[in-house]
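Asker: This is the structure I have questions about; it appears just below.
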Amino acid sequence: MRVVAIDLGGTRLGTAVVDASGDTVFRESVPLEGRRGREVGALLAERCTAAQARLRELAGGDAAAVGVAVPGIYRAGRGTVWAPNIPGWDDYPLREELRDALGRGIPVVVDSDRAASILGESWRGAAHGARNAIFLTVGTGIGAGILADGRVLRGQGDIAGAIGWLALDRPFRDEYASCGCFEYHASAPGLARVARERMEADPGYSGELRTLVDAELTAERIFDAHDRGDGLAREVIDAAIGYWGMAAANLVSLFNPEVVVFGGGVFGPATRFLPRIEAEARRWAQPIAIGRARFVASALGADAALVGAGRLAMLDLRIAAESA
């Protein structure tokens, strides 16, 4: 049995054909190239249809189902997607569009990329076999996929895991309203924001970050400066480690997971700081729960949501078979 797996990011669309063991039979990645609204939906349907055609060439049959991971909120009741990084996707009817493109005989299941990522890691990655696990992703945004007793938590409005809004600092700042306190300080753009704020507060700083114009001041450059001993860059990373540790402590205390998996573009370069993040978390978390939790880096990396989209489709087929 094979399924089509799709991972829609803010700038790229990944497509794969995945078998029942989680192995990839075929895969591709194409840029969105500034597409908006229905243009993105049309590209997604086109690449999904192309993956079906490719599977027929390779194996002589169609995919049994399609799983899609999206960067935002999937409203399961309506089959629509809110994706803030894709203009025009405030309430986009993705499920129906794919069903129309593929034919009603092929099941289509959609979920958030954070939900897909924890399913991918628990299927083929760093949380393999775990029934209680968290995937904490830090990149352009911050989110968490939460697996509790073997099931993904989605919440009343499918918003569970939007941990960029964790309140980790006081007093409240108006800037937190658009992305949340945690994300404001400790996402990839957050690191750059904090660096700018610290440079404004320290006019005497003359290190390498001072020479960078806005577009050049990125999380990657801050990590590089940190490694070369830049004092301000070290302050920024130290502060982020504190936020990552506090957030992980809160998640451990709330959900008592076996494993917390750190992924996204920042982990990456921040993976080396996992011992320090864990040490910070141990200061704040419920002591028995944190004593039983493992902190690990993603084993699937950028493929976590893509593999998880395949798992979404497989689980949907299993549920349909069991209820038949």
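The values are calculated or read from the model by the stated rules, or taken from the named source; none is laboratory data. On a predicted model such as this, the values are computed, not experimentally measured, just so you know. Cβ coordinates were reconstructed from backbone atoms using ideal geometry, including for glycine residues, and neighbour counts include every protein chain displayed. The protein model used for the area step is the full one, side chains on, heavy atoms only, and it has no ligands, DNA or RNA in it. Shrake-Rupley method; radii C 1.70, N 1.55, O 1.52, S 1.80 Å.
Asker: Of all residues in region 139-152, how many are aliphatic (A, V, I, L, M), in contact (Cβ under 8 Å) with a residue 60 or more places away in the chain and surrounded by fewer than 24 Cβ atoms within 10 Å (Cβ to Cβ)?
Answerer: 1
Asker: Another question, if that's okay. Looking only at region 287-305, how many residues end up being open to solvent by 80 Å² or more (accessible area, probe 1.4 Å) and over 17 Å from Leu136 (Cα atoms)? Don't jump to the end; show me each part of the working.
Answerer: From region 287-305, those open to solvent by 80 Å² or more (accessible area, probe 1.4 Å) are 287-288, 292, 294, 302; that's our starting set.
From the residues that got through so far, the ones that are over 17 Å from Leu136 (Cα atoms) too are 287-288, 292.
Count: 3.
Asker: Sort through Gly41, Gly9, Gly61, Gly37 and tell me the only one that's small (Gly, Ala, Ser), farther than 18 Å from Thr80 by Cα and open to solvent by less than 40 Å² (accessible area, probe 1.4 Å). Quick ask: steps written out before the conclusion?
Answerer: Values: Gly41 fails: farther than 18 Å from Thr80 by Cα; Gly9 fails: farther than 18 Å from Thr80 by Cα; Gly37 fails: farther than 18 Å from Thr80 by Cα.
After ruling out the rest, the residue left standing is Gly61.
Asker: What is the number of the single condition among (1) open to solvent by less than 20 Å² (accessible area, probe 1.4 Å); (2) of a type outside the set (D, E, K, R); (3) on the phi > 0 side of the Ramachandran plot that Gly268 does not meet?
Answerer: If we test Gly268 against (1) open to solvent by less than 20 Å² (accessible area, probe 1.4 Å); (2) of a type outside the set (D, E, K, R); (3) on the phi > 0 side of the Ramachandran plot, just (1) comes out false.
Asker: I'd like to verify a number: residues in region 162-186 that are of a type in the set (Ser, Thr, Tyr) and in contact with a helix residue (DSSP H, G or I) (Cβ under 7 Å, 6 or more places away or on another chain), how many? Write out each step before concluding.
Answerer: Just the residues of region 162-186 that are of a type in the set (Ser, Thr, Tyr), to begin with: 176, 178, 184.
From what's left, in contact with a helix residue (DSSP H, G or I) (Cβ under 7 Å, 6 or more places away or on another chain): 176, 184.
Counting residues in region 162-186 that are of a type in the set (Ser, Thr, Tyr) and in contact with a helix residue (DSSP H, G or I) (Cβ under 7 Å, 6 or more places away or on another chain) gives 2.
Asker: Do any residues in region 55-84 that are free of Cβ contacts under 8 Å to residues at least 24 places away in the same chain and closer than 27 Å to Gly145 by Cβ have Cβ atoms under 6 Å from those of residues that are open to solvent by 20 Å² or more (accessible area, probe 1.4 Å) and part of a loop (DSSP other than H, G, I, E, B), where the two are at least six apart or on different chains, and which pairs are they?
Answerer: Thr80/Asp91; Thr80/Pro93; Trp82/Asp90
Asker: Moving to a separate point now. Before we move on, is Arg154 assigned to a loop (DSSP other than H, G, I, E, B) and under 29 Å from Arg78 (Cα atoms)?
Answerer: Details: assigned to a loop (DSSP other than H, G, I, E, B): yes; under 29 Å from Arg78 (Cα atoms): yes.
For Arg154, the condition - assigned to a loop (DSSP other than H, G, I, E, B) and under 29 Å from Arg78 (Cα atoms) - is met.
For every residue, the table says whether it meets (1) out of contact with any Ser or Thr (no Cβ under 8 Å at 6 or more places or on another chain); (2) closer than 20 Å to Pro93 by Cβ; (3) modelled with pLDDT of 95 or more.
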site: Ala5; (1), (2), (3): no, no, yes
site: Leu8; (1), (2), (3): yes, yes, yes
site: Leu13; (1), (2), (3): no, yes, yes
site: Ser21; (1), (2), (3): yes, no, no
site: Arg27; (1), (2), (3): no, no, no
site: Glu39; (1), (2), (3): yes, yes, yes
site: Leu43; (1), (2), (3): yes, yes, yes
site: Cys48; (1), (2), (3): no, yes, no
